[in-house]
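*Asks:* I have a structure I would like to understand better, so I am pasting it below and will then ask my questions one at a time.
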Amino acid sequence: MNFLQGSRNTYVQNLVAYQVEGDLNQHGLTISAGEQRSLFDILQPIVDASHTRDRKRSPPDSACFPGTRLQVVKNLNTWARSDIATDSEPHIRWMHGYVGCGKSSISQEVSDTSDREERPVVSFFFFRGAGDRSKIWRLATTLASQLARVIPETAPFIREAVQTDPALVKPGEGGVSLQTQMQRLVYAPFKAVVQREKTVRALTRGPFLIVLDGLDECDDKEEVQELIDGMLVFFSDNPLIPLRVFITSRVEEHIRSHLNVPGVRLDNLVDHCSDDDIATFLQILFDAGCRRNLVVQAYTQQHGEWPTQSDKRKLVEHIGGSFIFASAVFKFIMGANTEGSHPTTPMDRLPLALKMNPGLDGLYAHTLSRSKNLPYFSDIISTIALLGAPLPTSGIAELLGIHTYEVVNVLVNLQAIIQVPGTDDIPVTLCHTSLRDFLTTQDRSGGFFAHPSHHARLFIRCIEYELRLLRQNPGLIIGSRERRMPATAYYALRHSYTHLNRGQGCFKLTEYESAIQLCREALALQPSNPELIAVLADSIRHRAIQTRSLNFTQ
């Protein structure tokens with residue numbers, strides 16, 4: 001049948017008539033827009049994607065420690081504030097480096113410096129596994145919203161662009177390309193203000209700066225290339241525009257092949273990583289950590305300095321220039337240890353840290369092993385690795401149908417690599433996205449592998465949760481995705497589809513049939529809900545692809 005090979009959009013359009021408990025229903029979608037909406041409401045930016053986000057809630061929680069990265073940050077700030085008309089430096093600067101070498105910290109510092117110096121800066125920190133921040137479809141609207149705030153004169157031009165073409169704020173629906181969005185919502189409004197105004201107050205202290213951090217963490221590789229190509233064309237056509245773009249990422253071919261061109265300045269961060277920076281970083285961490293640790297204080301009163309200068313030199317050599325590895329090793333050494341019947345002290349753990357395999361994989365495996373025998377360990381770790389957006393400990397527990405204390409019990413020994421908040425309104429996050437890469441790559445993680453089949457369980461739990469919500473409140477608008485609702489409810493309403501798609505091919509037949517039945521029950525309560533229709537449609541389609549049949553057991 002043709003629909004088995006068709007796209008999701010085509011199939012959903014064809015499923016205008018669908019079956020719910022044996023009845024045939026018709027679906028029609030009406031979209032209405034209010035008058036006099038604020039530009040923020042029109043653009044719907046991602047509020048936790050910029051350098052001003054609460055980094056404890058929205059990773060990466062990165063910052064340059066005092067006394068580190070001084071020269072590289074100085075060079076970047078000199079470039080960012082320099083006059084385009086008199087400086088021969090390219091508009092675009094790409095800083096690349098390996099996992100954990102401090103790229104996000106430098107992006108944060110450059111952005112913060114621009115703010116302190118009252119130079120206009122907007123930013124987008126991509127982060128894999130953080131919902132829309134791992135996608136590119138809201139990049140242009142998010143940057144445009146920030147642009148209107150830092151250069152208010154651009155706001156009328158952005159509003160006019162949206163009024164002329166409302167599809168600009170509906171990306172991902174096949175109407176407008178990313179390059180068109182960036183041109184009309186960001187580049188053109190900025191250029192219009194520069195050309196119209198004799199003096200733009202926000203630009204008196206330096207050019208406008210766009211910071212794009214972690215571009216490799218964006219899942220949309222083709223659109224990333226489109227973004228870069230659009231930038232290069234814009235700057236080629238506008239060589240004197242007072243705008244600079246700072247990009248950081250790992251070296252991945254789809255990025256390198258488009259940025260390794262004459263119009264871009266390349267920086268290898270590895271060339272700027274020094275043992276002195278790592279030593280300063282560790283010194284600050286240990287000074288603060290030892291002041292707070294009564295066990296270490298008692299030890300130093302009897303035995304003198306700890307860690308010794310020799311210990312610190314060995315740690316610096318072992319760490320090899322990776323700030324994320326240095327941070328994780330420190331947390332491993334100084335963190336509380338509740339495993340086993342004989343808890344160890346920081347003095348016991350320092351020699352163990354020196355024996356770890358250099359690099360993050362060894363550290364991840366060693367740390368995870370501390371909780372691997374606890375109840376629900378695999379379910380909890382797989383859930384954290386595969387979530388479409390972070391959840392608090394209570395949300396993880398609710399999604400899995402277990403108690404919050406059981407989640408905390410597993411995570412308390414893993415704080416060297418997972419950020420476990422002290423309150424339940426803050427989500428659990430990974431200290432670095434490389435941990436997600438480790439957990440989702442079987443030949444690296446071995447027994448800690450988060451199998452894609454776990455998506456099936458999470459999908460069904462989300463649908464069950466949606467059904468429970470509808471039974472309690474049949475008038476609930478699922479598509480509204482109201483952020484004031486509990487975290488688990490918001491997650492289930494927004495990300496059930498994520499797990500259906502990512503688990504494709506890993507569902508058991510009984511799991512598809514359970515999902516289809518749950519969707520039918522939900523649609524019986526709310527027959528015209530477009531999101532439930534889409535989920536039901538794709539559940540049927542995926543099941544049909546897997547079984548090559550439309551026959552059902554019920």
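The values are calculated or read from the model by the stated rules, or taken from the named source; none is laboratory data. Just so it is clear, the model here is predicted, and its values are computed rather than measured. Here the Cβ is made from the backbone with ideal geometry for all residues, glycine too, and neighbour counts use every protein chain on show. The accessibility values were calculated without ligands, DNA or RNA, using every heavy atom of the protein model including side chains. Shrake-Rupley method; radii C 1.70, N 1.55, O 1.52, S 1.80 Å.
*Asks:* Do we find a residue being over 20 Å from F157 (Cα atoms) and in contact with a Pro (Cβ under 7 Å, 6 or more places away or on another chain) anywhere in the range 223-245?
*Replies:* Yes - at least one qualifying residue is present in the range 223-245.
*Asks:* Right, T383: β-branched (V, I, T) and surrounded by fewer than 22 Cβ atoms within 10 Å (Cβ to Cβ) or not? Break it down into steps so the answer makes sense when it comes.
*Replies:* Details: β-branched (V, I, T): yes; surrounded by fewer than 22 Cβ atoms within 10 Å (Cβ to Cβ): no.
Judged against the criteria, T383 is not a match.
*Asks:* Mind checking which pairs have a first residue in the range 436-455 that is at positive phi and a second that is at pLDDT below 95 and open to solvent by 30 Å² or more (accessible area, probe 1.4 Å), Cβ under 8 Å, 6 or more apart or different chains?
*Replies:* That search, which allows pairs on different chains as well, returns G446/A365.
*Asks:* Identify all residues within the range 461-503 that are open to solvent by 50 Å² or more (accessible area, probe 1.4 Å), under 28 Å from the mean Cα position of the chain (by Cα) and modelled with pLDDT under 85; write none if there are none. Break it down stepwise before answering.
*Replies:* Filtering the range 461-503 down to residues open to solvent by 50 Å² or more (accessible area, probe 1.4 Å) leaves 461, 464, 468, 471-475, 477, 480-484, 486, 501-502.
Cutting the leftovers down to under 28 Å from the mean Cα position of the chain (by Cα) gives us 461, 464, 477, 480-484, 486, 501-502.
Across the range 461-503, the qualifying residues are I477, S480, R481, E482, R483, R484, P486.
*Asks:* Can you confirm whether the range 421-428 contains a residue that is of a type outside the set (D, E, K, R), in contact with a Cys (Cβ under 8 Å, 6 or more places away or on another chain), open to solvent by less than 50 Å² (accessible area, probe 1.4 Å) and modelled with pLDDT under 85?
*Replies:* The initial filter retains those residues of the range 421-428 that are of a type outside the set (D, E, K, R), namely 421-423, 426-428.
Adding the requirement that they be in contact with a Cys (Cβ under 8 Å, 6 or more places away or on another chain) leaves none.
No - not one qualifying residue is present in the range 421-428.
*Asks:* A further question follows. Return the total of residues in the range 76-113 being part of a helix (DSSP H, G or I) and free of Cβ contacts under 8 Å to residues at least 12 places away in the same chain.
*Replies:* Going through the range 76-113 one residue at a time, the tally reaches 1.
*Asks:* For the range 365-476, give me every one of the helices (runs of 4 or more DSSP H) that falls completely inside it and has 3 or more residues that are small (G, A, S), farther than 27 Å from K508 by Cα and out of contact with any strand residue (DSSP E or B) (no Cβ under 8 Å at 6 or more places or on another chain). Steps first, please.
*Replies:* Numbers: elements: 377-386, 393-400, 404-411, 434-439, 442-445, 454-472.
Result: empty, no element qualifies.
*Asks:* Could I ask something else about it? Identify the single condition in (1) under 16 Å from F448 (Cα atoms); (2) modelled with pLDDT under 85; (3) surrounded by fewer than 20 Cβ atoms within 10 Å (Cβ to Cβ) that S369 does not satisfy, given that it satisfies every other one.
*Replies:* (2)
*Asks:* Give the residue, chosen from V245, V296, V270, V211, that is in a helix (DSSP H, G or I), touching a residue at least 12 places away in the same chain (Cβ under 8 Å) and surrounded by 18 or more Cβ atoms within 10 Å (Cβ to Cβ). Steps first, please.
*Replies:* Values: V245 fails: in a helix (DSSP H, G or I); V270 fails: surrounded by 18 or more Cβ atoms within 10 Å (Cβ to Cβ); V211 fails: in a helix (DSSP H, G or I).
Going through V245, V296, V270, V211 in turn, the sole match is V296.
*Asks:* Being closer than 18 Å to A49 by Cβ, open to solvent by 10 Å² or more (accessible area, probe 1.4 Å) and within 15 Å of the chain's Cα centre (by Cα) is the requirement here; does E223 meet it?
*Replies:* Values: closer than 18 Å to A49 by Cβ: yes; open to solvent by 10 Å² or more (accessible area, probe 1.4 Å): yes; within 15 Å of the chain's Cα centre (by Cα): no.
No: the conditions fail for E223.
*Asks:* What is the residue count in the range 160-170 for residues that are more than 28 Å from the chain's Cα centre (by Cα) and not small (G, A, S)? Let's see the steps before the verdict.
*Replies:* First, pick out the residues of the range 160-170 that are more than 28 Å from the chain's Cα centre (by Cα): 160-161, 163-165.
Next cut, not small (G, A, S) only: 160, 163-165.
Going through the range 160-170 one residue at a time, the tally reaches 4.
*Asks:* Also, quick follow-up: Pairs only if they're at least six apart or on different chains, beta carbon under 7 angstrom, first in the range 520-534 and farther than 17 Å from R494 by Cα, second open to solvent by 30 Å² or more (accessible area, probe 1.4 Å) and of a type in the set (K, R); list them, first residue then second.
*Replies:* Note: pairs meeting the criteria are L525/R471.
*Asks:* Using the structure shown, decide if T344 is part of a loop (DSSP other than H, G, I, E, B) and either farther than 30 Å from V251 by Cβ or open to solvent by 50 Å² or more (accessible area, probe 1.4 Å) (or both).
*Replies:* yes
*Asks:* If you don't mind, there's one more thing I want to ask. Consider S528 against the criteria (1) in a helix (DSSP H, G or I); (2) over 18 Å from H455 (Cβ atoms): it satisfies all of them except one. Which criterion is unmet?
*Replies:* S528 satisfies every listed condition except (1).
*Asks:* For V121, state whether it is hydrophobic (A, V, I, L, M, F, W, C) and crowded, with 23+ Cβ neighbours inside 10 Å. Explain how you work it out, then say what you get.
*Replies:* Working: hydrophobic (A, V, I, L, M, F, W, C): yes; crowded, with 23+ Cβ neighbours inside 10 Å: yes.
Yes: the conditions hold for V121.
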